[in-house]
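The values are calculated or read from the model by the stated rules, or taken from the named source; none is laboratory data. Just so it is clear, the model here is predicted, and its values are computed rather than measured. Glycine gets a Cβ as well: all are built from the backbone with ideal geometry, and neighbour counts include every protein chain shown. Remember, those area values only see protein heavy atoms, side chains included, never the ligands or the DNA or RNA. Shrake-Rupley method; radii C 1.70, N 1.55, O 1.52, S 1.80 Å.
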Amino acid sequence: MNMKTYRYICLVIFYLVLCSVVVFAERNFYNILGVSKNANLNQIKKAYRKLAKELHPDKNSDDPNAASKFSDLSAAYEVLSNKEKREKYDKCGEECLKKDGMMDSGMDPFASFFGDFGFHFGGGGPRQETRKGANIVMDLYVSLEELYNGNFVEMTHSKPVLKPAPGTRRCNCREELQTKSLGPGRFQMFQQTICDECPNVKYVTEDRLLEVEIEPGMKDGQEVKFVAEGEPHIDGDPGDLILKVKTQPHRVFERRGDDLYTNVTVSLADALTGFSFVIEHLDGRKLTIQRDKVTWPGARLRRKNEGMPNYDNNNVHGALYITFDVEFPKEGFSEEEKEKLKKILNQKSVNNVYNGLRDEL
């Protein structure tokens, strides 16, 4: 082997080693978030939301790698939550994104994603009490499907924001006790308004895109807080925007706790001979309801684990209760048909008169 060939082989080996190091150094964003490559945007957001609370450096001050882990998590969310960046990453990896200037954008996913949810971490020292604007409380109407499956809802919030303006203004006005001398041994005490001179400000309306996570199993009255999205205070901090969950009426189901209720009308013929039909559930599944026995008006069928997911443990579900109504024929029968029915039903005439409210008396 001559020297030229030897050098060429060395260069090839060095290049292969270098490529393997670069590939090895690239982060697997799907593994970091713990999601599959076909995960949808909601699954990515939910995974990030969960991990960000667990890995935030302020909650893991004893871990020297906490900042690095959180930085990796933020980078993974930045890429996979962006359609264009995700497609680029899937095609040629993180290095392609860096070459095209699509990484290290200075984005703070935790602040932009979690600040809206009211999750705040930080040093636990006492804070000076500051003035605060009023909170805004609003109803957030959501569908039963969203409360069953979970969802991310985007909303635009127009809020007044303080901006610098020319001139100065009087602020931090307060009443102070002043003493005035009226002569030897005589003085007078009185209150006087004292104000500071501060840079002037003005209110400018800005639109903010807020993202609310509707978690499976949430109930009416639960609150989602958006910190500092309420009424502004000219000499203090803005108040909060508080959204209260409120369920929209559903055409099929009614929720009571973690249970679901619905009514089904069957014909008299089906009530006597049996029936089978399909109900579409809140997640799109088809539930087959079958009954071979006689069904009377007001009969109730219970399907275990087909109700709403429990908010604290989504693996636990309530029950689905189906109450049956029977539709009777509106047309009469001939005498011959009546006799046939009596013979088929084989029932004696019953005329039991009683007070139907007796259990309540």
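How would 205, 262, 130 rank on accessible area, largest to smallest, probe 1.4 Å?
Working: 205 105, 262 10, 130 75 Å².
Accessible-area ranking of 205, 262, 130, largest first: 205, 130, 262.
Can you give the extra length, in nm with one decimal, that the chain gains between residue 172 and residue 190 once fully stretched, where that is 0.36 nm per residue apart less the Cα-Cα distance? Please report the intermediate quantities before stating the final value.
Working: separation 18, 0.36 × 18 = 6.48 nm, distance 1.95 nm.
Gain on extension, residue 172 to residue 190, equals 4.5 nm.
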Requested in this report: Work out, step by step, the length gained on full extension between residue 251 and residue 288: first 0.36 nm times the residue separation, then minus their alpha carbon distance; give nm to one decimal.
Outcome: 11.4 nm
Query raised in the report: What does the accessible area per residue of the range 280-352 come to in Å², with a 1.4 Å probe and no ligands, DNA or RNA counted?
Result: 80 Å²
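So for the range 266-315, what are the equivalent ellipsoid semi-axes in whole Å, largest first, each being the square root of 5 times an eigenvalue of the Cα gyration tensor?
Details: eigenvalues 153, 30, 12 Å².
In descending order, the three semi-axes are 28, 12, 8 Å.
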Report task. Under 14 Å from a label point 7 Å along Cα→Cβ of residue 149: give me every residue in the range 203-239 with its amide N that close. Result -> 214-217
Query raised in the report: At residue 296 and residue 63, where each label point lies 7 Å from the Cα along Cα→Cβ, what is the point-to-point distance in nanometres?
Result: 6.1 nm
Requested in this report: Go ahead and run the numbers for FRET between residue 323 and residue 134, Cβ-Cβ distance against an R0 of 35 Å, rounding to 0.05.
Outcome: 0.15
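Could you list, in their original order, any pairs among 53/246; 37/304; 69/246; 37/69; 293/348 whose Cα atoms are separated by more than 30 Å? Before the final figure, lay out the partial values.
On the way: 53/246 26 Å; 37/304 34 Å; 69/246 37 Å; 37/69 20 Å; 293/348 20 Å.
The pairs that break the limit, which is 30 Å between Cα atoms, are 37/304; 69/246.
Please report the carbon-and-sulfur percent of the accessible area for the range 251-340; probe 1.4 Å, protein heavy atoms only, DNA, RNA and ligands left out. Don't jump to the answer; show the numbers that get you there.
Values: 2700 of 5880 Å².
In the range 251-340, the share of accessible area belonging to carbon and sulfur is 46 percent.
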Requested in this report: Please compute the Cα-Cα pair-distance distribution of the range 236-287 with 10 Å bins starting at 0, giving whole percents from short to long.
Outcome: 16, 33, 24, 12, 8, 5, 2, 0
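With a 1.4 Å probe and every protein chain kept in, tell me what percent of the accessible surface of the range 179-226 is carbon plus sulfur.
Details: 1580 of 3260 Å².
Answer for the range 179-226: carbon and sulfur cover 48 percent of the accessible area.
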Query raised in the report: Net charge near residue 203, counting Lys/Arg +1 and Asp/Glu -1 over other residues with Cβ under 13 Å of its Cβ?
Result: +2
Query raised in the report: Say each of residue 314 and residue 337 gets a label point 7 Å from the Cα, pointing the same way as Cα to Cβ; how far apart are those two points in nm?
Result: 5.4 nm
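Per-residue counts of other Cβ atoms within 10 Å, averaged by peptide: what ranking do you get for 151-157, 284-290, highest first? It would help to have the intermediate numbers written out before the result.
Details: 151-157: 13.0, 284-290: 10.4.
Highest mean packing first, the order is 151-157, 284-290.
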Query raised in the report: Direction-averaged shadow area of the convex hull around the Cα atoms of the range 305-347, nm²?
Result: 5.4 nm²
Query raised in the report: Normalized C-alpha radius of gyration of the range 177-266, against 2.2 N^0.38 Å?
Result: 2.30
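Tell me the carbon and sulfur percent of the accessible area for the range 38-77, rounded to whole percent, probe radius 1.4 Å. It would help to have the intermediate numbers written out before the result.
Working: 1000 of 2170 Å².
Whole-percent figure for carbon plus sulfur exposure: 46.
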